[in-house]
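Contents: one structure, followed by commentary.
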Amino acid sequence: MQLDLIEDFRNPEHIKALAKLIKKECKTKINVMEICGGHTHTIMKFGLSQILPDLVEFIHGPGCPVCIMPKERIDHAIALATQEDVILATLGDMIRVPGSKTSLQKLRADGKDIRSLYSPLDVIKIAQENPDKKVIFFAIGFETTTPMTAVIIEQAIKLDLKNLYFHINHVSVPEPVDAIMSGGDSRINAFLGPSHVSVITGYGIFEPIVEKFKTPIIVAGFEPVDVMEAILMLVRQFNEKRCVAENQYTRAVSRKGNIKAQNLINKYMEKRSHFRWRGIGDIQNSALKLKDEYARFDAEVVFDDILPKEPIDDHKLCICGDILKGNAKPFDCKVFGKACKPSSPMGSCMVSSEGACAAYYKYGKISGKGLK
Amino acid sequence: MNKKRITLSQGGGGEETSSLIKDLFFKHFDNEVLLKMEDAAVLSIGDYKIAFTTDSFTVSPIFFNGGNIGKLAIAGTVNDISMMGAKPLYLTCSFMIEEGFLYDDLETIVKSMSKELKVSGALIVAGDTKVVPKGSVDGLFINTSGIGKIIKEGISAHNLKRGDSIIISNEVGNHGACILAKREDIELDMELKTDCATLWPMIEALINGGIKIKSLRDATRGGLSAVLNEWAETSDICIEVDEDKIPVADEVKGVCEMLGFEPYEFANEGTMAICVESGEEEKTLEILRQFDKTKKASFIGKVSEKYKQKVILNTPWGSARYLEPPKGELLPRIC
């Protein structure tokens, strides 16, 4: 474990020095969307907006795989887990998120076998140890976690596991960013690119967005020094009238990314024609599915007859869509912190700890601008 | 059809646990002593004041680095009594054992309980044994209850006032991180060990040293964050702590980074938060640092009235945020 990595990238002197440079050099209003929920978390947890000039405003993006999951797909997980002799396995916060009627967590308290995994590979062991049960992996995540699902599929084939199925909810980053910008009413004029997604995809994947919308993008690491340095790089692009995709996270990200992982994904999965994003809506080619030749593993094919098909919208008071476009802040929402809380989320941004509303709720107003 | 059921998050020691306790148990067991919500109840019997408490232990795994369920069962209850300024005297102990449990393992556990009792001098004076069919409990659950004689009156979570100082007795998060790493099979290059320890000797030394203690709390489930938030709420004050003064082991930082936790929310089993009057910090630290288990004690912050009932975490680069009480399904069966 590289612990000095944490210490160095949280070094107070480095952070203060970067804040000073940004303050000195920043001349333009920068409305920067941090695409990834991990960055939202970093910005709020370390109170970075408090030490940045008012010219830099963060707009919190759609990059949290749990938050963007529409209710009807959570209902899929619930329908799958409700069957007899089924073990449903998934990751992290997914278990808490309410569908239209209940959540996986409540279903588990009702006695259904639902496992929350830290390591997705554990699902292989679960399938081996329970040959008489159908084990369904509810796979979620952006490009970061997709290769891991591909590895599990490869293992399942190698081990000839007949009782393991996959419900694929893997989504990709560029398409929703394009959708948000194409709306025409967005104030966003710069991006912080996601760290771990870019490890897999390479930062080159964002070049078309820079080209199309004339918005610079800096792929940055998740530590406070990373984010501060990336903001400085943005400030300098604006000052020098440049507009390119740049890489701050050089210790992990290359332009082309992890080709081996990309090949593995492409071996088993292909683009879905469309996927409905919670808070944003239907976006073409924004998600993956298993290729037809692996349909025997595909929970959406095998259990098709029990899966609900109707889309379910969030409550009409929820303004997550506007928050994601940068046209509103969590505090602008009438139900924020009242009817909508992390324990009973009404909209996507409150759902996972990486969502914008959840981060505002957790770390409080003192992390916001002007409320110091 | 849709019956309400108990969820794991209601046992996590965070906000949901508080609601369950307040909405159900306090509603039906309503009385003045219970509603004080101290680590142990303070009771007057004749001329004596005693502290009385109980705790059940369900930790999984039963054996972990630096301790086991038995050591935890003694230290936990002894510490809860000690937090009221009381010398732990007598404990009761109940074993709920699953059929098929290894005799040798049980003996190892009982031996470590006996060893841990010697640290405070408390005795187990009554007990109960139940063996239940396979599947009824997971290996072994232990309950301990205990009483102690209060030798320093007036220590309470309701006492904090502006200007008071907050001290933490050790690194935070070691127990939670150790259990989690073991349960999730996370291999670490470095050694991660529970902080499980009996804290009575340190508290006795603080009392004998004449330290003006306002409140004591062992930072078990919900960690430092839960303790500070409870204090802020019960005393209707604000607590401001400096992030860089809170000691956290590198190993714990590593586990937190990997799994997305905060060390302040991880359980401890031998680490306490101490609130003392202003000016008592140095003397308190001097006494604590004489003991091996509290030699990393640190003065972490002050009581203020900036944002009432809130805990503020100040970063070393001049920003601040709330340290919210932990929520959700933290880590089940950590103790």
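Since every read-out is calculated from the coordinates, none of them should be taken as a lab result. In this text the structure is predicted, and so the values were computed from the model without any measurement. For neighbour counting, all protein chains shown are included, and Cβ atoms are generated from backbone atoms with ideal geometry for every residue, glycine included.
Worth pointing out:
- Kirkwood-type radius of region B:165-322, with distances r between different C-alpha atoms, in Å: 15.9
- Shielding by partners, peptide A:338-344 (average Cβ within 10 angstrom, other chains): 2
- Gaussian network model of chain A, Cα within-10 Å springs - most flexible of A:Val301, A:Val171, A:Val123: A:Val301
- Equivalent ellipsoid semi-axes, region A:224-272, via Cα gyration tensor eigenvalues times 5, rooted, Å: 31, 13, 9
- Sorted peptide list for A:246-254, B:279-287, criterion being average Cβ within 10 angstrom, highest first: A:246-254, B:279-287
- The alpha-carbon atoms of region B:246-305, seen along their principal axes, cover 39, 34, 17 angstrom, with the largest extent given first.
- Cβ-to-Cβ counts within 10 Å put B:Glu171, A:Glu34, A:Glu207 in ascending order as A:Glu207, B:Glu171, A:Glu34, the fewest first.
- Working note: 222 nm ellipticity from helices only, DSSP H runs with n ≥ 4, each -39,500 (n - 2.57), summed and divided by the residues of chain A, gives -10000 deg cm²/dmol to the nearest 500.
- Amide proton proximity set for B:Ile124, modelled H, under 5 Å, gap of 5+: B:Leu91
- Here B:Cys275, A:Cys318 are placed in order of increasing Cβ neighbour count within 10 Å, fewest first, which gives A:Cys318, B:Cys275.
- For region A:48-63, backbone phi angles converted through the Karplus equation (6.51, -1.76, 1.60; θ = phi - 60°) give residue-by-residue couplings of 5, 5, 5, 9, 9, x, 4, 5, 9, 10, 8, 10, 8, x, x, x Hz, Gly and Pro being listed as x.
- Around B:Lys134: net Lys/Arg minus Asp/Glu count, Cβ-Cβ under 10 Å: -2
- Residues with amide H under 5 Å from that of A:Val56, placed H, sequence gap 5 or more: A:Ile30
- Within 10 Å of each Cβ in B:311-317, the average number of Cβ atoms from other chains: 6
- P(r) histogram, all alpha-carbon pairs of region A:201-307 included - 10 Å bins from 0, percent: 13, 28, 31, 19, 8, 1
- Whole-angstrom gap from region A:70-86 to region A:5-22, using each part's C-alpha centre: 45
- Per-pair calculated FRET efficiency, R0 = 30 Å: A:Gln155 and A:Ile6 via Cβ, rounded to 0.05: 0.45
- Chain B: most fluctuating residue of B:Leu91, B:Leu20, B:Leu216 per GNM, C-alpha cutoff 10 Å: B:Leu20
- Here the relative contact order of chain A, from alpha carbon pairs under 8 Å that lie six or more residues apart, stands at 23 percent.
- Potential extension, A:Ser344-A:Lys260 segment - 0.36 nm per residue separation minus Cα distance: 26.2 nm
- Under 20 Å from the Cα of B:Lys130 - lysines, other chains or at least 8 residues apart: B:Lys71, B:Lys111
- Whole-number D in µm² s⁻¹ for region B:8-150, Kirkwood Cα-pair radius fed into Stokes-Einstein, 4 °C, 1.567 mPa s: 79
- Take the Cβ atoms of B:Ala126 and B:Met190, set R0 to 45 Å, and the FRET efficiency comes out at 0.60.
- Distance between the modelled labels on A:Asp113 and B:Asp138, one decimal in nanometres: 1.6 nm (7 Å Cα→Cβ projection).
- For A:Phe166, distant residues with modelled amide H under 5 Å away: A:Phe137, A:Asp298, A:Ala299
- Viscosity 1.306 mPa s, temperature 10 °C, Stokes-Einstein D of region A:214-372 from Kirkwood C-alpha radius, µm²/s: 82
- With Rh defined as the Kirkwood radius, the inverse of the mean 1/r over Cα pairs, the Rg/Rh of chain B is 0.95.
- Computed per residue of chain B from DSSP H runs no shorter than four, each worth -39500 (n - 2.57), the mean residue ellipticity at 222 nm is -8000 deg cm²/dmol.
- A simple packing score, the average count of other Cβ atoms within 10 Å per residue, orders the peptides B:242-249, A:55-62 as A:55-62, B:242-249, with the highest score first.
- Charge context of A:Leu192, other residues only, Cβ under 12 angstrom, K/R +1, D/E -1: -4
- Each Cα pair under 8 Å and six or more residues apart adds its sequence gap; the mean of these over the residue count of region A:95-192 is a relative contact order of 24 percent.
- As a rough guide to protection, the peptides A:150-157, A:338-345 ranked by mean Cβ packing within 10 Å, highest first, stand as A:150-157, A:338-345.
- Bridge type composition, chain A - antiparallel percent by DSSP, nearest 5: 20
- Aspartates and glutamates with Cα under 14 Å of B:Lys245, excluding same-chain neighbours fewer than 8 positions away: B:Glu171, B:Glu281
- Phi to ³J(HN,Hα) by Karplus 6.51 cos²θ - 1.76 cosθ + 1.60 over region A:33-45, Hz, x for Gly, Pro: 8, 8, 5, 9, x, x, 5, 3, 4, 4, 4, 6, 4
- Average partner coverage of A:40-49, which counts Cβ from other chains inside 10 Å: 2
- In this calculation the C-beta distance from A:Arg242 to A:Asp292 is compared with R0 = 41 Å, giving a FRET efficiency of 0.40.
- Violating pairs (Cα-Cα greater than 21 angstrom) within the set A:Lys27/A:Lys214; A:Lys24/A:Lys45; A:Lys334/B:Lys308; A:Lys45/B:Lys253; A:Lys101/A:Lys291: A:Lys24/A:Lys45; A:Lys334/B:Lys308; A:Lys101/A:Lys291
- Local electrostatic count, B:Ser112, Cβ distance below 12 Å [Lys/Arg +1, Asp/Glu -1]: +1
- Checking the cross-link pairs B:Lys115/B:Lys193; B:Lys87/B:Lys302; A:Lys362/B:Lys302; A:Lys316/B:Lys310; B:Lys22/B:Lys296; A:Lys325/A:Lys362 against a 25 Å limit on the alpha carbon distance flags B:Lys87/B:Lys302; A:Lys316/B:Lys310; B:Lys22/B:Lys296 as lying beyond it.
- Chain A, Rg to Rh (Cα coordinates; Rh as Kirkwood inverse mean 1/r): 0.97
- For the protein assembly as shown, the Kirkwood estimate of the hydrodynamic radius, built from every pair of different alpha carbons, is 27.1 Å.
- With each label modelled as a point 7 angstrom along the Cα→C-beta vector, the A:Thr102-B:Arg289 pair spans 5.6 nm.
- Gaussian network model of chain B, springs between alpha carbon atoms under 10 Å - residue of B:Thr271, B:Thr54, B:Thr198 with greatest fluctuation: B:Thr54
- Cα radius of gyration and Dmax for region A:92-234 (Å): 19.4, 57
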